[in-house]
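Working notes for the structure below.
The values are calculated or read from the model by the stated rules, or taken from the named source; none is laboratory data. Nothing here was measured: the structure is a model prediction, and the numbers come from that model. Neighbour counts are summed over all protein chains in view; Cβ atoms, including those assigned to glycine, are modelled from backbone coordinates with ideal geometry. Surface areas here come from the heavy atoms of the whole protein model, side chains and all, with no ligands, DNA or RNA. Shrake-Rupley method; radii C 1.70, N 1.55, O 1.52, S 1.80 Å.
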Amino acid sequence: MSPQMLSLLADATAQTLTMVAIAGTLACLGGIPLGLFLALCGPGDLLPRPLLQRSLGLLVNATRSTPFIILVVAIVPLTRALTGTSIGTAAATVPLTLAAIPFIARVVETAVREVDHGLLDAARAMGATPYQIVTRILLPEARAGIVRGLTLAAVNLVGYSAMVGAVGGGGLGDLGIRYGYQRFMPEMMLAVVLILIVLVQILQSGGEAMARTLDKRHLKG
Amino acid sequence: MAIASAVAGSPVPALTPPADMIRLEGLRKIFGAKGKPQVTALDGIDLAVPAGSITAIIGPSGAGKSSLLRAVNLLERPDAGTVTVGGTDLTALDEASLRRARQSIGMIFQHFNLLANRTVSGNVALALELAGWQKARIAPRVTELLALVGLSDKADQYPAALSGGQKQRVGIARALAPQPQLLLCDEATSALDPETTRQILALIRQINQQLGLTVLLITHEMSVVREVADHVVVLEAGRIVEQGDVTRIFTHPHHPTTRHFLSGETGTQLPERLAVHVSPVARAGDVRLVRLHALGAIAAGPILGRLAEAGIGAGLVAGRVQPLKGQPFTALVLALDGSENTINNMVTRLRADGCDIEELGYVAADAVAAG
Ligand SMILES: Nc1ncnc2c1ncn2[C@@H]1O[C@H](COP(=O)(O)OP(=O)(O)OP(=O)(O)O)[C@@H](O)[C@H]1O
Ligand SMILES: [Mg+2]
């Protein structure tokens, strides 16, 4: 493999990592609070705001059921307004973030809802405020589940970031399509796929290891 | 005002603690969302729980025991009625005052409800953090509590590494941490084996005596009542059907539900093979079945002796002698064989001596013998 190809691969990997990191961070900032809201504000929950909760739930579902590639095209005006362009790595982070927010929201919601209801009874019986219940009971007890969900989101982001390559988003997907497919360089395609596999592996096992250290629910041998 | 009088040197008037730690008046609780059938879980409950006592609520499944207990700290707000704890009407408090009031009411649960991601000491500390204790005071208090419940060596373990009994000890330490006046126990031993149950009950007794803590517990096991309770409240279909001192309830139960629970605990349920043959009137060759409860001196041996002296044949059908409040408590089902008159006289005399005798009916002598 030529030095040029290697440097192309290195650049593309860096672009992919940047997209995933930026979109992932932004999506966490939006998705975690949204997930908490969904988990806490439904009818009969700790802080009921049923109407708003239901509306946001519908919005989340709508975004999640839009195929990613359609989302990318559909929000081009928004992307332009935010980044000044609709192609390239910066532009690609906009749809990536937007797609990851509802996903993260749902995994956070699920993790929080899975906390044993008896703990809420115990907390209320101890005179906890709703804020204390969230910060001292729900979040610490849900943290392993949240980390597992975020790992899943990061892995999905790697996959989606390869897709934005198809619309000029840069990164490994872009490289694979332009060199591997259009210029028919199978070794380039292979290298791209291998790097993606390794990235996903690292994310998955890193996330799982972190979740396991955080999770004290089971005895570990 | 207390400060002013202390400065002036005059004695601060001693606050007389209310004789009743809990007063429930006219409690009603109805469950059921719109359109669904409604369930009346509590149907007009009036109850006073004396300070310093251990009061047990017993009743069949669905009787409303949990609803009643959860009404005491307003985890479940009743639809009507008042809940007064330590002299304060909780139903009249705003949210913030209610939260403060809850810190003087400890609660333990059937499934312990410990935080899996906090260590044993972290779980106990949580109660103090929530109650706003200063950091520096929390650690020594936690150490003291773990010593009290016998878990000093488990301080840094996570709940997953504990047995059920140890988890409940953590639950007790957590409940006691902010120095409550009242401990509520919702089936606290129902998930434990008999030996562990006995240890936890002994701990609850010890706490009650050492700290003067009032305990209100619910259970569906009469053995729990026998081992710890001073007072018993029998609940059925959302109403109190009987209540009283534990000795009175065991020796002279009134309500059929109480009798039913008791016969399970004392092993004096009529065996099925006899129950089907029981007749309310005597036929030729029948013996008379009675259930007898007696406490203390008038225990099993002397009773059988007296029956024999009077010429009454007494077949032992079922029964047990168990400790109750430190005295032997005898519960027997006897098949009495003799003339109606002699038996009637003997029943009257035994009742006069404090025995509780319940007529169960008549059954053929050979049916008893066959068993
Ligand atoms: N949150 C609830 N929603 C609807 N119905 C309820 C609720 N809680 C209790 N009930 C109903 O109220 C009645 C009393 O329930 P409760 O849990 O107080 O009974 P219990 O005596 O504690 O029973 P068990 O011994 O089975 O725990 C039952 O019929 C139950 O189905
Ligand atoms: Mg119950």
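What the table shows:
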quantity: Rg and Dmax [Cα atoms of the range B:236-312; Å; Rg one decimal, Dmax integer]; calculated: 15.4, 47
quantity: Relative contact order [Cα under 8 Å, 6+ residues apart], chain B, whole percent; calculated: 16 percent
quantity: 10 Å-binned pair-distance histogram of the protein assembly as shown (Cα, whole percent); calculated: 3, 13, 18, 17, 14, 12, 9, 6, 4, 2, 1, 0
quantity: Cα gyration tensor shape of the range B:267-370, rounded if a/c is under 1.5, else prolate or oblate by comparing a/b with b/c; calculated: oblate
quantity: Listed peptides A:178-187, B:24-33, B:242-251 by packing density, highest first (mean Cβ within 10 Å); calculated: B:242-251, B:24-33, A:178-187
quantity: The range A:1-57 versus the range B:172-193: alpha-carbon centroid distance in Å; calculated: 42 Å
quantity: A:Arg64 versus B:Glu144: modelled label distance in nm, points set 7 Å from Cα along the beta carbon direction; calculated: 4.9 nm
quantity: Helical segments meeting 30 Å axial Cα length and Kyte-Doolittle -1.0 threshold in chain A (DSSP H); calculated: A:3-40, A:89-113, A:139-164, A:186-214
quantity: Under 25 Å from the Cα of B:Lys154 - lysines, other chains or at least 8 residues apart; calculated: A:Lys216, A:Lys220, B:Lys135, B:Lys167
quantity: Peptide A:206-218 - average C-beta neighbours from other chains (10 Å radius); calculated: 2
quantity: Selected from A:Leu26, A:Leu59, A:Leu139 as most flexible by GNM, with chain A as the system and alpha-carbon contacts under 10 Å; calculated: A:Leu59
quantity: Solvent exposure, largest accessible area first (probe 1.4 Å, DNA, RNA and ligands not counted), of B:Glu76, A:Glu141; calculated: B:Glu76, A:Glu141
quantity: Overall form of the range B:160-201 per C-alpha gyration tensor (a/c, 1.5; a/b vs b/c); calculated: oblate
quantity: Alpha-carbon Debye profile of the range B:17-171, log10 I(q)/I(0) at 0.12, 0.15 Å⁻¹; calculated: -0.66, -0.96
quantity: The range B:139-263: projected area of the alpha-carbon convex hull, averaged over directions, in nm²; calculated: 8.6 nm²
quantity: Shielding by partners - mean other protein chain Cβ count within 10 Å, residues of A:112-122; calculated: 4
quantity: Rounded to the nearest 10 Å², the accessible area of B:Asp94 at probe 1.4 Å; calculated: 90 Å²
quantity: Residue-averaged beta-carbon neighbours from other chains (10 angstrom radius) around B:122-129; calculated: 3
quantity: Three-way shape label, chain A, alpha-carbon gyration tensor, a/c 1.5; calculated: oblate
quantity: Residue with peak Gaussian network fluctuation, chain B [Cα springs, cutoff 10 Å], from B:Asp79, B:Asp89, B:Asp153; calculated: B:Asp153
